[in-house]
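Where a number appears in this text, it was derived from the coordinates with a stated rule and is not lab data. Source: prediction; values computed, not measured. Backbone-built Cβ (ideal geometry, glycine too); neighbour counts: all protein chains shown.
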Amino acid sequence: MAVTINTLREFKQKGKAFAALTSYDATFSQVVSEAGVHVILIGDSLGMVLQGHDSTLPVTMDQMVYHVSCVAKGNRGSLIMADMPFMSYGTVEAALENAAELMRAGAHMVKLEGTDWMKDTIAALSERGVPVCAHLGLTPQFVNKFGGYKVQGRDEKAAEMMIEHACELESAGADLILLECVPAPLAARISQAVRAPVIGIGAGSDTDGQVLVLHDMLGITTGRKPRFVKNFLAETHSVQEAIEAYVNAVGERTFPAEEHTFKA
Ligand code: KIV
Ligand code: NA
């Protein structure tokens, strides 16, 4: 049966963890989906992983639409989430138009990076039938404002602000929250504070779901390997087995382990 946002809500209610993974093409999308991954993310990480840029900023709407349509063809029942690329949701009007394009290409929901300024945008999308995931913490589209890729929410003031933003964005209509590179105790607090399922990456094992970049979990990270990455192919014999091992480890909450987690 196809995964919907209701499936993910049920997982959260039952305390079961769900698995998400990026894919950018039809073949991997089918393999990932058949391995039992609940959510496929067409991440704008493709700007780095596929295109070789040093950030996600150069990714365009046309490129996202192309990859979403490829992934949709290979999908076998996972929930398809598409990133809205840099500045494609700079105004509410642009967000509506661009989200519609991604939905027409086969996305079931869109993901936006930001804080409380996104309230009106999320409300407008949600009211018009577009489910939204709000991405908080280390939001890579903000790399130039952050001055690098750094763990977010480390001091108590920043932590409380992030909790407040997560609650406000849920109230605005966000159906999922994604937390990237935040201390595990903060991710746990946010997961308890909101009813929406929370997906973590570098956010510890107490979120409702986990996500990784496909290439990273297959051990083909180029450049510096982030702390939260685990190579699942190293312990298995095929790409299929590696992805199944990831789904199982997330379900059993054996991944992420201490060594993949930021404590404070
Ligand atoms: O673009 C991406 O792959 C992402 C994940 C890292 C969450 O946004
Ligand atoms: Na992204």
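Things to note:
- Estimated FRET transfer efficiency (Asp155, Met87; beta-carbon r; R0 25 Å; 0.05): 0.30
- Legend: ranking of residues Glu156, Glu10 from fewest to most surrounding C-beta atoms inside 10 Å; resulting order Glu156, Glu10.
- Peptide ranges 220-231, 23-34 listed from the most packed, as the mean C-beta count within 10 angstrom indicates: 23-34, 220-231
- The fraction of Cα-Cα pairs per 5 angstrom bin, counted from 0 for the chain, comes to 1, 7, 14, 19, 22, 19, 13, 5, 1, 0 percent, rounded to whole percents.
- All Cα-Cα separations within the range 163-251 were binned at 10 Å from zero, giving a P(r) of 17, 42, 28, 13, 1, each value a whole percent of the pairs.
- Neighbour-count ranking [beta-carbon atoms within 10 angstrom, fewest first] of Cys167, Cys181, Cys133: Cys167, Cys181, Cys133
- Candidates His215, His67, His237: whichever shows maximal mean-square fluctuation once the chain is modelled as a Gaussian network with Cα springs under 10 Å: His237
- Between the residues Trp117, Leu136, Gly223, the greatest Cα displacement towards the positive end of the dipole of the range 106-225, with unit charges on the Cβ of Lys, Arg, Asp and Glu, is found for Gly223.
- The count of lysine pairs in the range 117-264 that are at least 8 places apart or cross chains, and whose C-alpha atoms lie under 23 Å apart, stands at 10.
- Considering only the chain, percent of DSSP beta bridges that pair antiparallel, nearest 5: 0
- Within a Gaussian network of the chain (alpha carbon springs, distance under 10 Å), most fluctuating of Gly90, Gly200, Gly47: Gly90
- The Cβ shell under 13 Å around Thr27 holds other residues with a net charge of 0, Lys and Arg each +1, Asp and Glu each -1.
- Placing a label point 7 Å from the Cα of Glu97 along the Cα-to-Cβ direction, the residues of the range 57-78 whose backbone N falls under 15 Å of that point are 61-62.
- Straight-line cross-link partners of Lys73 among the lysines, defined as a Cα under 21 Å from its Cα and at least 8 positions apart when in the same chain: Lys111.
- Span from the the range 96-121 Cα centroid across to the the range 185-236 one, whole angstrom: 22
- Counted charge near Arg128, where neighbours are those whose Cβ lies closer than 13 Å (Asp, Glu -1; Lys, Arg +1): -4
- Local electrostatic count, Gly36, Cβ distance below 15 Å [Lys/Arg +1, Asp/Glu -1]: -2
- Contact order, relative form, for the chain: 19 percent (alpha carbon pairs under 8 Å, 6 or more residues apart, mean separation divided by residue count).
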